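Engineer: After the C-alpha cells below, expect a handful of questions from me.
The values are calculated or read from the model by the stated rules, or taken from the named source; none is laboratory data. Since we're looking at a predicted model, the values are computed, not measured. FYI the Cβ positions are ideal-geometry reconstructions off the backbone, even for glycines, and counts take in every protein chain you see. Note: areas computed on protein heavy atoms with side chains; ligands, DNA, RNA excluded. Shrake-Rupley method; radii C 1.70, N 1.55, O 1.52, S 1.80 Å.
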Amino acid sequence: SFPIKVRDVEIGGGAPVTVQSMTITDTRDVVSTLAQINQLVDAGCDIVRLAVPDKYAAEALKDIRAGTDAPLVADIHFDHRLALTAAEAGMDCLRINPGNIGGRDKVEAVVRACKEREIPIRIGVNAGSIQEAWSKKVDRRPEGQELVEAMVEDALEHIKILEDLSFDQIKISLKSFDIDVTVDAYKMIAQHTMYPFH
C-alpha cells in the first residue's frame, strides 16, 4: 500500500503498525476527553478517535485540539456539517462513509475541506450496518462469504466516490464481530486497492 499521514504518524507503505483507540467519554466534555486521550497516549496509543455525534461535540473539538498534540480522528456519521466543523477544528483525520454523508455536493464540500488542510479520510465499513441494511432490502442478513463480498463492495463504492473527486488520502477499516469475516474481507479488498488498512 502507499502511505498516508495522520498528523506525524505514517500509515501504510511499509510503515510500522500503529495503534489506534477510541475515547469512551462524552466528546462534549472537553476535560474528561483530554484526560482520556492522555491516558491512551501514555499507554502507547499512536492515534485517538473521537465520536462526534452532534454539533456540540463538533464544537468541542477546537478546545480538545488545543489541549493535545496527539493525532486525532473525528468519527462522523451522516451529517457533513459535523465533518466540516471537525476539519476546521484541526482534526488530523475524518472517519466518514461518503455514501451516507448526504449526497455528492456534501461529499464534495468535505473533500474540499480535507484537501485544503491535507486531512486524510478513513472509510469505515461495519458488518453490522451492512447486515442491517441488507435485511431491510431482502428480509435476511448475509453471513459468511456473502457478507465478506458485501463489505468489500460497500468499501469500494465509498472509495470510488472519493476517487471521482480526485481524492486519494484514504485509509480503510473493515470490521465484523466474526474474525474470519474481517480477515477474509481484508484479503479480498487487498486484491482491489492499494490504500492502507487501519
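Engineer: Angle, helix 104-117 long axis vs. longest principal axis of the chain, Cα atoms, 0 to 90°, nearest 10?
Structural biologist: Between the helix axis and the principal axis of the chain, the angle is about 50 degrees.
Engineer: Could you give the Stokes-Einstein D for the chain in µm² per second, using the C-alpha Kirkwood radius, 20 °C, 1.002 mPa s?
Structural biologist: The calculation lands on 125 µm²/s.
Engineer: Please compute the per residue accessible area over the chain with all protein chains in place, 1.4 Å probe, rounded to a whole number of Å².
Structural biologist: Values: 10040 Å² over 198 residues.
Per residue, the chain has an accessible area of 51 Å².
Engineer: Protein chains only, probe 1.4 Å: how do F167, F2 rank by accessible area, largest first?
Structural biologist: F2, F167
Engineer: Still on this structure: Can you tell me the Rg and the Dmax, both Å, for the Cα atoms in region 32-149?
Structural biologist: 16.2, 48
Engineer: For the chain, how many pairs of lysine residues have a Cα-Cα distance under 16 Å, where the two are 8 or more positions apart or belong to different chains?
Structural biologist: So the count of such lysine pairs works out to 8.
Engineer: Give me the Kirkwood hydrodynamic radius of region 1-89, using the inverse of the mean 1/r over all pairs of distinct Cα atoms, in Å to one decimal. Mind showing how you got there, number by number?
Structural biologist: On the way: mean 1/r = 0.0745 Å⁻¹.
About 13.4 Å, per the Kirkwood formula over Cα pairs.
Engineer: Let me ask something else. Sort 121-127, 12-18 for me by packing, meaning the mean count of neighbouring Cβ atoms within 10 Å per residue, highest on top.
Structural biologist: So the peptides 121-127, 12-18, ranked by packing, come out 121-127, 12-18.
Engineer: Moving to a separate point now. When the Karplus curve 6.51 cos²θ - 1.76 cosθ + 1.60 is applied with θ = phi - 60°, which whole-Hz ³J(HN,Hα) does each residue of region 42-52 get, with x for Gly and Pro?
Structural biologist: In residue order, the calculated couplings are 4, 7, x, 6, 8, 9, 10, 9, 10, 6, 10 Hz.
Engineer: On to the next question. To test your reading of the geometry: what angle, between 0 and 90 degrees and rounded to tens, separates the Cα axis of helix 144-164 from the longest principal axis of the chain?
Structural biologist: So the helix axis and the longest Cα principal axis differ by about 60 degrees.
Engineer: Also, quick follow-up: If the label point is 7 Å along Cα→Cβ of N126, which residues in region 162-198 have backbone nitrogen under 17 Å from it?
Structural biologist: 172-179, 182, 198, by backbone N distance to the label point.
Engineer: If I model a spin label as a point 7 Å beyond the Cα along the Cα-Cβ vector, how far apart are those points for S166 and V17 in nm?
Structural biologist: 3.7 nm
Engineer: A further question on this structure: What ranking do 89-97, 26-34 get when scored by the average of other Cβ atoms within 10 Å per residue, highest first?
Structural biologist: Per-residue mean Cβ counts within 10 Å order the peptides as 89-97, 26-34.
Engineer: Find how many whole Å separate the alpha carbon centroid of region 74-107 from the alpha carbon centroid of region 51-70.
Structural biologist: Region 51-70 and region 74-107 have Cα centres separated by 14 Å.
Engineer: Helix 127-138: angle to the longest alpha-carbon principal axis of the chain, degrees 0 to 90, nearest 10?
Structural biologist: That works out to roughly 50 degrees.
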